[in-house]
Amino acid sequence: MKRASAALMMWVLLFLGAAAPASAHAVLLSTTPSDGQVVSSAPADVTLTFNEPVTVREVSIVSTGSPQQLSARTVDAVVHASLPPGLAPGSYIVSWRVISDDGHPIAGALTFSLGHPSATNAVAETDHPGVTWLIRIAQALAYIGLLVACGLALFQAWVAREVFDTRLRGIGVAATATAAVGLVVGLPAFELDADGTGLSGLFAVTPWASGLRSGAGAMAVLGIVGATVATVFRNRCIRIAGATAGLASLPAMGHSRTFGPPILVIGADLIHVLAVSAWIGGLIGLVVLFRRPEIAEVIGRFSRLAAWLLGVLVTTGLILGWRIVGSWHALFHTGYGQVLIAKVALVAVAVAIAYVNRQRLSTPSSARLRSESVVLLVVAALTGVLVHLNPTLPVQQLMVMKQENGVMIHTAIAPCRLGENAVTVMVHGAQVQAPTITAQVTAAGIGPLDVPVTAQSNGEFTAPLTLRNKGQWTIDVTVRISKYQESTTILTCTP
């Protein structure tokens with residue numbers, strides 16, 4: 001009873017505190033011109049400042065006609081898009097699409113007016129729900145297929161070593177085919193998502209060719225080859241090597257590579273999926289071999305292995321949760337967290353079934369084993385969906401605008417929470433040097449700390465700021481607007 005209760009608690013802790021790595025999408029912190037701003041003269045370019053380096057996919061401008069593509073470049077986390085000369089007075093929409101460090105596309109639009117606002121029939125691009133759902137389905141198939149195929153191989157290599165059953169191979173082949181479908185279909189789907197193209201783009205050659213040439217294409221090949229080797233070959237070492245290679249494609253295509261420290265997070269992710277796969281494969285294997293005369297010995301081996309698997313799952317799961325989920329607030333207030341809660345509920349059902357089975361090892365129930373397997377397969381599918389969701393909270397931006405002696409100063413900090421933040425300063429009406437920025441928490445005796453500032457263009461400056469402690473942070477931004485005059489703006493942020 002104590003062992004089963006402890007296992008139950010470990011499972012709940014595992015899935016409440018951790019999940020497969022999720023998308024930490026890039027966040028737009030500020031733009032120049034700002035959204036809705038009316039400028040007196042046409043700017044030379046539009047700048048987009050993000051919280052992390054991004055890759056530009058497309059930037060376009062439109063008023064009432066067809067969108068015009070803009071030449072764009074990135075400098076660290078800032079995108080510079082050159083505007084065409086000779087813009088007529090009126091309103092314009094600038095649409096942008098970039099790829100964040102985790103490989104996910106981020107899109108948006110801003111509106112600015114030259115001289116005065118005007119009517120416009122332009123509509124900014126929107127995402128295509130069909131493509132989003134295709135990606136989710138493809139990832140769910142890839143996760144289910146790889147976890148089952150590689151898990152059965154590990155089960156036969158570690159637990160059912162002397163037992164050969166053609167049904168296990170048949171299930172492994174079907175699971176490998178399922179994974180292949182998900183991995184292959186996902187390649188053009190990711191490209192369509194990155195380009196903002198609808199499902200009709202699936203009939204073009206370009207997204208398929210681009211997907212195959214990408215890093216995701218190489219990982220898809222690794223996953224398919226690894227699962228095939230693990231399923232076809234009967235040599236124990238080859239099976240383990242193939243299963244490990246196949247499962248390694250999941251962290252490599254996921255988002256754990258964007259969290260640090262990389263060795264810790266990626267290593268924990270790989271060990272995590274190996275343990276999950278072994279658990280799922282073991283349950284399916286027990287169901288298939290339930291009527292075999294060797295079942296008692298096989299169940300004994302799996303039960304001994306299960307205790308180790310639980311320990312590994314808890315340890316790696318807590319590491320991933322610590323580095324990725326980050327807070328209880330994010331768990332309850334993001335789409336990722338809400339899906340994760342649904343996953344926890346399903347796992348609780350699986351744990352309850354597992355508890356009954358472990359208590360009755362002498363007379364195990366095939367029906368309960370099937371039920372536990374089905375529930376965990378649904379959990380695996382949800383894991384595939386979670387990979388495409390964002391675990392981060394919406395950005396909160398604090399802004400202060402002030403004017404002194406004809407000089408307009410716009411100062412902002414975002415996302416104003418623990419971890420990485422960015423301070424942006426935009427100055428109009430004067431040529432100024434980089435401002436001086438300090439940060440402190442007076443009550444805790446922290447600071448003032450000097451914050452390094454990087455000059456961008458058109459009087460824009462950015463400064464990365466890491467907030468490591470809770471409390472009321474005071475950020476002083478001092479700009480010298482003339483030889484004899486300084487202007488200080490105070491931002492107050494309480495993460």
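The values are calculated or read from the model by the stated rules, or taken from the named source; none is laboratory data. Because the structure is a prediction, the values reported are computed rather than measured. Methodologically, a virtual Cβ is constructed for each residue, glycine included, from the backbone with ideal geometry; neighbour enumeration extends over all protein chains shown.
Tabulated values for the structure
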item	result
Options Ser60, Ser100: the member that is in contact with a helix residue (DSSP H, G or I) (Cβ under 9 Å, 6 or more places away or on another chain), closer than 28 Å to Gly186 by Cβ and buried (at least 19 other Cβ atoms within 10 Å of the Cβ)	Ser100
Residue satisfying all of: in region 291-321; in a helix (DSSP H, G or I) and of a type in the set (Lys, Arg); farthest from the chain's Cα centre (by Cα) among these	Arg301
Residue in region 447-482 that is modelled with the highest pLDDT, counting only those that are hydrophobic (A, V, I, L, M, F, W, C) and surrounded by fewer than 15 Cβ atoms within 10 Å (Cβ to Cβ)	Leu449
Pair list, Cβ < 8 Å and 6+ apart or interchain, from region 439-468 residues that are at positive phi to residues that are exposed (fewer than 15 other Cβ atoms within 10 Å of the Cβ)	Gly447/Thr438; Asn458/Ala44; Gly459/Gln431
First in region 36-48 and within 15 Å of Gly429 (Cα to Cα), second anywhere and of a type in the set (S, T, N, Q), Cβ under 6 Å, 6 or more apart	Val38/Ser113
Matching residues in region 229-248 - criterion: being among the polar types (S, T, N, Q) and either more than 15 Å from Ile171 (Cα to Cα) or modelled with pLDDT under 90 (or both)	Asn235, Thr244
Yes/no for Gln403 being under 21 Å from Ser40 (Cβ atoms) and polar (S, T, N, Q)	yes
Residue in region 72-84 that is farther than 24 Å from Glu52 by Cα and not in a strand (DSSP E or B) present	yes
Top-ranked residue of region 407-450 - restricted to ones that are in a strand (DSSP E or B) and among the polar types (S, T, N, Q), ranked as farthest from Ala330 (Cα to Cα)	Thr436
All positions within region 167-200 that are without any contact (Cβ under 8 Å) to a residue 24 or more places away in the chain and surrounded by 15 or more Cβ atoms within 10 Å (Cβ to Cβ)	Pro188, Glu191
Search result, residues across region 216-247 that are charged (D, E, K, R) and closer than 15 Å to Ala278 by Cα	Arg236, Arg239
Residue in region 126-142 that is touching a Gly at 6+ places or on another chain (Cβ under 7 Å), buried (at least 16 other Cβ atoms within 10 Å of the Cβ), of a type in the set (S, T, N, Q) and at pLDDT 85 or above present	yes
